[in-house]
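I have placed the structure first, in the form of structure tokens, so that the comments after it can refer back to it.
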Amino acid sequence: MVLPRYSTTPVDAVLSRMRALDAALPERDGVAVFNRVYLTVTEEVDRRLDAGEFPDPCAAAALDVRFAERYLAAVDAVEDDRRPPACWRPLFQLRRHPGVTPLQFALAGINAHIGHDLALAVVDTCRALGCEPADLEDEFDRVGELLTALEERIREDLMPGPDLLQIADPITHLLGSWSLERARDATWSAARVLWALRHCGDVAEEFAVRLDAAVGFAGRMLLTPLRD
């Protein structure tokens with residue numbers, strides 16, 4: 001199946017691509033589960049941009065688009081038979097595993113996108129706008145607050161029902177070990193380090209590679225199959 005591609009970068013174009021993915025992917029597909037979650041987040045960011053709720057709407061839009069581009073680039077890599085970043089590989093590898101629940105797929109995607117992509121998106125945005133990470137902190141925090149509120153709803157909506165109570169305790173234990181708030185804090189630190197190392201060549205590249213691998217390892221743990 002060939003999925004639609006995006007060629008421009010405004011928020012509307014990003015939303016269009018996510019909606020096309022939502023229509024094209026099977027509902028139970030793990031990437032589709034995350035895509036629906038992320039589409040909801042991006043629509044809310046777009047609504048708040050239109051409502052003037054960001055201190056610097058231009059910077060917020062730039063960060064939002066570069067953030068989304070990282071996820072969409074991973075989708076394109078898999079579609080083209082290329083390897084996506086390590087942080088995304090567990091989700092793409094296990095996307096159809098019957099023993100992984102929708103809640104696991106959603107949080108594994110959030111882990112990859114927040115833990116790795118957001119740090120690089122901050123650096124991308126700083127380069128594009130000629131600013132420092134500190135100049136984006138308000139926008140970073142507002143998006144993070146939105147994600148935290150959404151995560152609570154995701155856990156409530158996607159937790160297995162009474163017919164799957166036999167796996168509820170393992171899910172609670174497994175997913176309770178991961179925190180979006182801690183991931184956000186680590187991401188902000190990683191973004192500042194990457195920015196500080198931007199002229200250090202191999203050192204910056206090694207840090208980015210290790211960040212990618214570490215987030216991928218956490219994602220693989222989140223996707224541990226809990227049933228056959």
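The values are calculated or read from the model by the stated rules, or taken from the named source; none is laboratory data. What you are looking at is a predicted structure, and each value in this text was computed from that prediction instead of being measured. So basically every Cβ, Gly included, is an ideal-geometry build from the backbone, and we count neighbours across all protein chains shown. For accessibility, only protein heavy atoms count, side chains too; no ligands or nucleic acids. Shrake-Rupley method; radii C 1.70, N 1.55, O 1.52, S 1.80 Å.
Going by the conditions given, is Ala77 modelled with pLDDT of 95 or more, under 16 Å from the mean Cα position of the chain (by Cα) and surrounded by fewer than 20 Cβ atoms within 10 Å (Cβ to Cβ)? So Ala77 passes the test.
Do we find a residue being in contact with a Gly (Cβ under 9 Å, 6 or more places away or on another chain), closer than 24 Å to Gly216 by Cβ and not polar (S, T, N, Q) anywhere in the range 21-28? Within the range 21-28 (the criterion being in contact with a Gly (Cβ under 9 Å, 6 or more places away or on another chain), closer than 24 Å to Gly216 by Cβ and not polar (S, T, N, Q)), the answer is no, since none of the residues qualifies.
Residue count for the range 11-59 satisfying the condition of being outside any helix (DSSP H, G or I) and either more than 26 Å from Val78 (Cβ to Cβ) or not basic (Lys, Arg) (or both): 10. Residues in the range 210-225 that are more than 20 Å from Ser179 (Cβ to Cβ) and either open to solvent by 90 Å² or more (accessible area, probe 1.4 Å) or free of Cβ contacts under 8 Å to residues at least 12 places away in the same chain (or both): Arg210 alone. When Trp88, Trp188 are checked against the criterion of being modelled with pLDDT of 80 or more and open to solvent by less than 10 Å² (accessible area, probe 1.4 Å), a single residue qualifies: Trp88. Residue by residue through the range 91-105, note down the ones that are touching an Asp or Glu at 6+ places or on another chain (Cβ under 9 Å) and either open to solvent by less than 10 Å² (accessible area, probe 1.4 Å) or under 19 Å from Ala62 (Cα atoms) (or both). Correct list: Gly99, Leu103, Phe105.
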